[in-house]
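Here the structure is laid out as structure tokens; the discussion comes afterwards.
The values are calculated or read from the model by the stated rules, or taken from the named source; none is laboratory data. If you're wondering where the values come from, they're calculated on a predicted model, not measured in any experiment. Here the Cβ positions follow ideal geometry from the backbone for every residue, glycine too, while neighbour counts run over all protein chains shown. Ligands, DNA and RNA are stripped out before the accessible areas are found, and what is left, the full protein with its side chains, is counted by its heavy atoms. Shrake-Rupley method; radii C 1.70, N 1.55, O 1.52, S 1.80 Å.
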Amino acid sequence: MTVARLLKDRYRKIFVSGGAGFIGSHLLDILVPQGYEVTAYDNLSNGKIEFIEQHIGKPNFTFIRADMLDRKRLIEAVRGHDLVWHLAANTDIIGSHERPERDLRDCVEATFNMVEAMRQCGIRDIVFSSTGAVYGSLCEDRAVSEDAGPLCPISGYAAGKIGSEAFICCYCHMYGLRGWIFRFGNVIGARMTHGVIYDFIHRLRENPDELLIKGDGRQEKNYFLVEECIEGMAFGLLNTELDDQKPCEIFNLGTDSVTPVTKIAQIVLEEMGLKNTRIVIEGTPRAWPGDQPRVHITVEKINRLGWKARLSSDEAVRIAVRRMLGKE
Ligand SMILES: NC(=O)c1ccc[n+]([C@@H]2O[C@H](COP(=O)([O-])OP(=O)(O)OC[C@H]3O[C@@H](n4cnc5c(N)ncnc54)[C@H](O)[C@@H]3O)[C@@H](O)[C@H]2O)c1
């Protein structure tokens, strides 16, 4: 049986910024074996060469270690591609409190350079990885759809994504680009380098007797697996026609359920076989400055288009924990 190619025959040469990162490397795992010509562009600030070494040396794969802020290099690298999958960004949400300029540079300026490089090279189509965090406190107690606003970000990360979305949108209207913007829930799976699951596992390895849950313990977010995230983006891209009248579209992407942080702790403890660990809840309203404890997004728009995540948020969490523990 032939497995359908992710992007069918719509695209041939695909440029993946942030291609050595968590989501980017999984995207390469799909695109490269399917025969697309793929370029991964990454400065390895958070990405890892071991995530992509299985593709190095393949005739249809090129890795370029370079910075999004090096616009000249970016223009040379992107020339000749017919789709840009733009994933590069600062994803150290906690650390950006100390260095807020990272969200300006590695997200907004990086995205500006990306669309400007596309304009100069005559490349039209861009897929962008945004976040449900753009809704700020609007999504704290109710699930919000794509038209919720005004968007008042409470972290540099969310501000960086709003700025990036804005540049993509205006380049679509001014210079004929077409943009598919996806605001994700929490994407999880193997190769995570941060996030609550990663954090719990690492802290429990250091001290299996106690697990500290930062914040007020009432956090709940939408979790979905990385392959479902990639599939959802591809579905939205292939099934949304954009033109000069409507050159840019925004979708929330995730499951229609959420998992409380205490449930994540329980799953991690079960999968690590720990029965006597004491759970301590810190008791502060936010786990760190800029933390968004509860993120609720509706995914009805992408569901109406015909795509739905197969797994619930709880199911996805268990699989991701097992993958991080090397159990599957
Ligand atoms: N993982 C999630 O839950 C989630 C949720 C919402 C949005 N996103 C977005 O999806 C994208 C991918 O996220 P991820 O989880 O794979 O994170 P990641 O940190 O693993 O991947 C980002 C990649 O971008 C690279 N990068 C950063 N700044 C760069 C620069 N200036 N020049 C070149 N490369 C640079 C990093 O080295 C890294 O490999 C990001 O834009 C992120 O904001 C992720």
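Observations, loosely collected:
- Of the strands (runs of 3 or more DSSP E) entirely within region 197-306, those holding at least 3 residues that are under 30 Å from G176 (Cβ atoms) occupy 248-253.
- Flag for A265 being in contact with a helix residue (DSSP H, G or I) (Cβ under 7 Å, 6 or more places away or on another chain), farther than 26 Å from L305 by Cα and either away from the ligand (no atom under 16 Å from the Cβ) or among the β-branched types (V, I, T) (or both): yes
- Residue match in region 143-154 (condition: open to solvent by 50 Å² or more (accessible area, probe 1.4 Å), farther than 24 Å from V78 by Cα and of a type in the set (V, I, T)): yes
- Checked against (1) near the ligand (Cβ under 8 Å from one of its atoms); (2) acidic (D, E); (3) within 30 Å of K214 (Cβ to Cβ), D67 meets all criteria but (3).
- Taken over region 55-64, residues that are away from the ligand (no atom under 15 Å from the Cβ) and either open to solvent by less than 50 Å² (accessible area, probe 1.4 Å) or within 20 Å of the chain's Cα centre (by Cα) (or both) amount to 2.
- Odd one out for V187 among (1) in contact with a Cys (Cβ under 6 Å, 6 or more places away or on another chain); (2) on the phi > 0 side of the Ramachandran plot: (2)
- Checked against (1) out of contact with any helix residue (DSSP H, G or I) (no Cβ under 6 Å at 6 or more places or on another chain); (2) modelled with pLDDT of 95 or more; (3) open to solvent by 10 Å² or more (accessible area, probe 1.4 Å); (4) farther than 27 Å from E76 by Cβ, I162 passes all but condition (1).
- Test for D125: is it within 11 Å of the ligand (Cβ to nearest atom), among the charged types (D, E, K, R) and closer than 25 Å to F15 by Cα: no
- When the residues of region 65-75 are filtered to those that are within 23 Å of T193 (Cα to Cα) and either of a type in the set (K, R) or in contact (Cβ under 8 Å) with a residue 40 or more places away in the chain (or both), the one that is most open to solvent (accessible area, probe 1.4 Å) is R65.
- Unique match (being open to solvent by 50 Å² or more (accessible area, probe 1.4 Å), within 29 Å of M272 (Cβ to Cβ) and within 10 Å of the ligand (Cβ to nearest atom)) among R205, R191: R191
- Counting only residues that are open to solvent by 10 Å² or more (accessible area, probe 1.4 Å) and touching a helix residue (DSSP H, G or I) at 6+ places or on another chain (Cβ under 8 Å), region 19-31 holds 5 of them.
- When each of N46, N113 is tested for being under 30 Å from Q219 (Cβ atoms) and either outside the structural domain of G232 (by TED's automatic domain parsing) or surrounded by 16 or more Cβ atoms within 10 Å (Cβ to Cβ) (or both), the lone residue that passes is N46.
- Top-ranked residue in region 79-108 [being away from the ligand (no atom under 13 Å from the Cβ) and among the acidic types (D, E); ranked as farthest from F182 (Cα to Cα)]: E98
- Scope region 308-328; condition closer than 17 Å to M272 by Cβ, among the basic types (K, R) and in contact with a helix residue (DSSP H, G or I) (Cβ under 9 Å, 6 or more places away or on another chain); matching residues: R318, R322, K327
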